[in-house]
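Student: First, the structure itself, so that you have it in front of you.
The values are calculated or read from the model by the stated rules, or taken from the named source; none is laboratory data. These numbers were taken from a predicted model, which means no experiment stands behind them. Quick reminder, even Gly has a Cβ in these numbers, built from the backbone with ideal geometry, and neighbours come from all protein chains shown. For the accessible areas, the whole protein counts, side chains as well, though only heavy atoms, and no ligand, DNA or RNA atoms are used. Shrake-Rupley method; radii C 1.70, N 1.55, O 1.52, S 1.80 Å.
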Amino acid sequence: MIQLIDIYKIYPMGDEEVHALDGISLDIKEREFVAIIGQSGSGKSTCMNIIGCLDVPTSGSYLLNGQDVSAMSDDQQAHFRNKTVGFVFQQYNLIQKLTAYENVELPLIYRGVHERDRREVVMEALEKVGIADKHKNLPNQLSGGQQQRVSIARALAGKPSLILADEPTGALDSRTGAEMLDFLQQLNGEGHTLVLITHDMNVASRAKRVVSLSDGRIVEDKEVRH
Amino acid sequence: MNVKQSLLMALKSMKTSKMRSFLTMLGIVIGVASVIILISIMNGLSDQITSNLKNAGTDNITVNVFGRGGNRSFQYDDMERVVAENPTFFTSFSPNVNASVTVKNGTKSVSTSVRGTNEYYQDIQSVEVEAGRFLEFVDVERLQKVCVIGSYIAEELFDGSVYEDSTVKINGSTYAVVGVLKETAKSEEASADDIVYIPYSTATRLSGNSNIGNWVVKAADVSNIDAAITELRDKLYLVYGDSSSYRVSSMSQLIETLNEITSSISMVLVGIAGISLVVGGIGIMNIMLVSVTERTREIGIRKALGARRRAILSQFIIEAATTSAAGGIIGIILGIVLALVAGSLLDMAVKPSINAVLIAFGVSVAIGMVFGYFPAGKAAKLHPIDALRYE
């Protein structure tokens, strides 16, 4: 499903060049649960941005569902993100002025789904994360765990094939974090491909496969037995 | 992103930051309100002038003669003949011989203007008589020393009690008062009530000038008034041989000219008021730029979720247009209210027009869109990861 072929991402920094990704090749198949682990500066965030179509590589090609994303225009990428990727961010990244319902609704609005069809999908997603009763609340009226649930519901609403979670437990206490991971695991069991980016080995160990990054290269890629 | 959603979002953000939105709108509010006020006042003024002139009769043709003429001049008989020979153009006429005089009754005296006319004048100018009668053919024919006085004169010289045998002295000669006119302008000095009518024939003798410089001719058909004017000009040219010696104009032409003048004055005034609309637009652009910077993260989230450039662009443009349209609506209401208040305080006719309201609204929306375009474009071009990382 995901095919990274010899990806380089090079940023100019003053006179020097920083190789955030230094020749990465990675295959992720459908329904896999992969954790990408690394210290800060290892290139894992850049890797996630490229997998999530938020950024394009300097060189190399990236095939997502067989389509070459690195050659797409801004708007094509936006369309592709909207259809294929569900993001779960560390900072939840909910829009503070919008209610839980409206936040979950956004990807559907951008997809052009009609208002009367949106309602059902949004409520279904909110029910799935167990927060349907709070759909009228604004993000600042919700706890961290509840906000992360809303952001998962938002990722689910568009029924993406890929869920991309960037440090999803980073801002949560360990008990809520564990709940959230249980939930993501459950989604993986239901057929979503799940890519988890983290620096925490305990979190990564839940995955079926762990890819370790260091200095922009893959240093280890192993299956995990549970 | 559909328009309705953007509109609701814009209204929401206006509600959450009321003070800022109000200050942003203020320029538009002031601009629109002043445009509405000016247009209302100018409309009212032009209506008032037009209706006053219409009361004076749109079928009246005014003839002014400046030249003395070489050998001969255009006399009463000439005008009488022209009118009699062209019944399809003209129905009647009257000379206007004006003079400033002192009118006395015993020890009371007033300075006023006397106007020498004939028996048709009453009908032509719709003069109404309160008591007695207006001038008649015999008065004119026999150079009788009779007069019809305005209500101001009656008030000043007779305390309002004029009798059948009342007389006045005009520049020392005794005139019989045969009629008193109906009050038309609150009997004030220098108003339409401050006048004395005498036969024109008597008046030329009084003023010592036998040439008649001013006429009013009643046209038979208003729709044919231009041909009637041409006919009069032709006749006058035969006498004077020089078209600068006289002027022939109709009230409807005058109304047209006045309307042109008032509308160009209001264009200038509205143009000046319009400058504040531009200033208001710049205010909106300024705030929108701040808003785009403040909401960089929001834009990043929207883009990550699949918003295309156009969706972000239209969201911010709609937001700017909504802000300025709201300012426009407030300005329209404020403008109408202030115009009506000013109208009643200053005793002026004001007339807010639906066109002005629609144009003001349209212009304010357009200003929002034009000045919102630059900040919106800036937002749309943001790169999603840069925007997401923005703190």
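Student: What angle do you read, to the nearest 10 degrees and between 0 and 90, between the alpha-carbon axis of helix A:115-128 and the longest principal axis of chain A?
Tutor: 80 degrees
Student: What is the magnitude of the charge dipole of the stretch A:156-208 about its Cα centre, with +1 placed on the Cβ of each Lys and Arg, -1 on the Cβ of each Asp and Glu, and no other charges, expressed in debye to the nearest 20? Intermediate values should be presented prior to the final figure.
Tutor: Working: 4 positive and 7 negative charges, 39 e Å.
I would put it at about 180 debye.
Student: Accessible area, 1.4 Å probe, largest first: how do B:ARG133, A:ARG154 sort? Can you show the working numbers first?
Tutor: On the way: B:ARG133 75, A:ARG154 5 Å².
Largest accessible area first, the residues go B:ARG133, A:ARG154.
Student: For chain B, build the charge dipole from Cβ charges (+1 Lys, Arg; -1 Asp, Glu) around the Cα centre, then report which of B:ALA33, B:GLN144, B:GLY213 sits farthest towards its positive end.
Tutor: Of the candidates, B:ALA33 comes out farthest on the positive side.
Student: Arrange the peptides B:255-264, A:144-153, B:105-114 so that the one whose residues have, on average, the most other Cβ atoms within 10 Å appears first.
Tutor: Answer by packing, highest mean first, reads A:144-153, B:105-114, B:255-264.
Student: Per Stokes-Einstein, at 25 °C and 0.890 mPa s, what whole-number D in µm² s⁻¹ belongs to the stretch B:223-326, with the Kirkwood radius over Cα pairs as the hydrodynamic radius?
Tutor: On the way: Rh = 19.7 Å.
So the translational diffusion coefficient is about 124 µm²/s.
Student: Could you give the semi-axes, largest first, of the ellipsoid that matches chain B, computed as the square roots of 5 times the alpha carbon gyration tensor eigenvalues and rounded to whole Å?
Tutor: That gives 69, 24, 15 Å for the three semi-axes.
Student: Considering only DSSP beta bridges whose two residues both sit in chain A, what percent are antiparallel, to the nearest 5?
Tutor: Just about 55 percent of them are antiparallel.
Student: Same structure again: In angstroms, what radius of gyration and Dmax does the stretch B:211-279 have, counting Cα atoms only?
Tutor: 18.9, 60
Student: Per the Kirkwood treatment, what hydrodynamic radius in Å, one decimal, follows for the stretch B:273-390 from the mean inverse distance over all distinct Cα pairs?
Tutor: After inverting the mean inverse Cα-Cα distance, the result is 15.8 Å.
Student: How far, in degrees from 0 to 90, does helix A:174-189 lean away from the longest principal axis of the Cα atoms of chain A, to the nearest 10?
Tutor: 80 degrees
Student: If you don't mind, there's one more thing I want to ask. Quick one: dipole size for chain B, taken about the Cα centre, charges +1 on Lys/Arg Cβ and -1 on Asp/Glu Cβ, in debye to the nearest 20.
Tutor: Working: 34 positive and 36 negative charges, 671 e Å.
It works out to roughly 3220 debye.
Student: Could you work out the mean count of beta carbons from other protein chains within 10 Å of each residue's beta carbon in B:303-316?
Tutor: For this peptide, the per-residue mean of nearby foreign Cβ atoms is 6.
Student: Please give the calculated 222 nm ellipticity per residue for the protein assembly as shown, where each DSSP H segment of at least 4 residues contributes -39500 (n - 2.57) and the sum is spread over every residue; nearest 500 deg cm²/dmol? Mind dumping the intermediate values first?
Tutor: Values: 20 runs with 306 residues, N = 617.
Only helices count here, giving -16500 deg cm²/dmol.
Student: Translational diffusion coefficient of the stretch A:1-126 at 20 °C, 1.002 mPa s, Stokes-Einstein with Kirkwood Rh over Cα pairs, in µm²/s as a whole number. It would help to have the intermediate numbers written out before the result.
Tutor: Details: Rh = 16.5 Å.
Once the numbers are plugged in, D ends up at 130 µm²/s.
Student: Measuring from centroid to centroid over Cα atoms, what is the spacing of the stretch A:186-218 and the stretch B:301-321 in Å?
Tutor: Centre-to-centre (Cα) distance: 33 Å.
Student: Span-like helices, chain B: DSSP H, alpha-carbon axial extent 15 Å or more, mean Kyte-Doolittle -1.0 or greater, which ones?
Tutor: Working: long enough: B:3-16 (20 Å, 0.26); B:18-55 (52 Å, 0.97); B:225-240 (22 Å, 0.38); B:251-294 (63 Å, 1.36); B:309-345 (53 Å, 1.54); B:354-381 (40 Å, 1.38).
Helices passing the filter in chain B: B:3-16, B:18-55, B:225-240, B:251-294, B:309-345, B:354-381.
Student: Taking the highest mean first, how do the peptides A:155-165, B:336-346, B:203-213 order by number of other beta carbon atoms within 10 angstrom per residue?
Tutor: My ranking of the peptides, most packed first, is A:155-165, B:203-213, B:336-346.
Student: Take the Cα radius of gyration of the stretch B:97-211 and divide it by 2.2 N^0.38 Å, with N its residue count; two decimals is plenty.
Tutor: Working: Rg = 12.6 Å, N = 115, 2.2 N^0.38 = 13.4 Å.
This ratio for the stretch B:97-211 stands at 0.94.
Student: Under the definition of partner shielding as Cβ atoms of other protein chains within 10 Å of a residue Cβ, what is the mean value for peptide A:74-86? Kindly include the intermediate steps, with their values, before the conclusion.
Tutor: Working: counts 7, 6, 1, 4, 12, 2, 1, 6, 6, 1, 1, 3, 1.
Mean partner-chain Cβ count within 10 Å for A:74-86: 4.
Student: Normalized C-alpha radius of gyration of the stretch A:103-196, against 2.2 N^0.38 Å? Working shown, then result.
Tutor: On the way: Rg = 13.0 Å, N = 94, 2.2 N^0.38 = 12.4 Å.
For the stretch A:103-196, the normalised Cα radius of gyration comes out at 1.05.
Student: Quickly rank B:44-52, A:32-40, B:326-334 as a protection proxy: mean count of other C-beta atoms within 10 Å, highest first.
Tutor: B:326-334, A:32-40, B:44-52
Student: Return the average number of partner chain Cβ atoms within 10 angstrom of each residue Cβ along peptide B:378-385.
Tutor: Shielding by partners across B:378-385 averages 3.
Student: Also: Which three semi-axes in whole Å describe the equivalent ellipsoid of the stretch B:166-290, each the square root of 5 times a Cα gyration tensor eigenvalue, listed largest first?
Tutor: After scaling each eigenvalue by five and taking roots: 50, 26, 14 Å.
Student: Give me the tail of P(r) for the stretch B:152-220 as a percent: Cα-Cα pairs with distance above 16 Å. Spell out each step's value before the answer.
Tutor: Details: 1366 of 2346 pairs.
Of the Cα pairs, 58 percent sit more than 16 Å apart.
Student: Per 5 Å bin, what is the whole-percent P(r) computed from every C-alpha pair distance within chain A?
Tutor: Whole-percent P(r) values from 0 Å outward: 1, 7, 15, 18, 19, 16, 12, 7, 3, 1, 0.
Student: Against the globular-protein guess of 2.2 N^0.38 Å, express the Cα radius of gyration of the protein assembly as shown as a ratio, rounded to two decimals.
Tutor: 1.74
Student: Treating the angle as unsigned and between 0 and 90°, give the value, to the nearest 10°, between the Cα long axis of helix A:74-84 and the longest Cα principal axis of chain A.
Tutor: 60 degrees
Student: Give me the dipole magnitude in Debye, nearest 20, for the protein assembly as shown about the Cα centre, with unit charges on the beta carbon: positive for Lys and Arg, negative for Asp and Glu.
Tutor: Rounded to the nearest 20 debye, it is 1860 debye.
Student: Tally the DSSP beta bridges in chain B and give the antiparallel ones as a percent, rounded to 5. Mind dumping the intermediate values first?
Tutor: Details: 35 of 44 bridges.
DSSP beta bridges in chain B are roughly 80 percent antiparallel.
Student: Tell me, Kirkwood radius of the stretch A:186-226 from alpha-carbon pair distances, in Å?
Tutor: On the way: mean 1/r = 0.0887 Å⁻¹.
About 11.3 Å for the stretch A:186-226.
Student: Keeping all protein chains in place and using 1.4 angstrom, which order do A:MET201, A:MET123, B:MET19 fall into by accessible surface area, from largest down?
Tutor: Correct descending sequence by accessible area is B:MET19, A:MET201, A:MET123.
Student: At a Förster radius of 25 Å, what calculated FRET efficiency corresponds to the Cβ-Cβ distance of A:ASP68 and B:ARG389, to the nearest 0.05?
Tutor: The pair A:ASP68/B:ARG389 has a calculated efficiency of 0.45.
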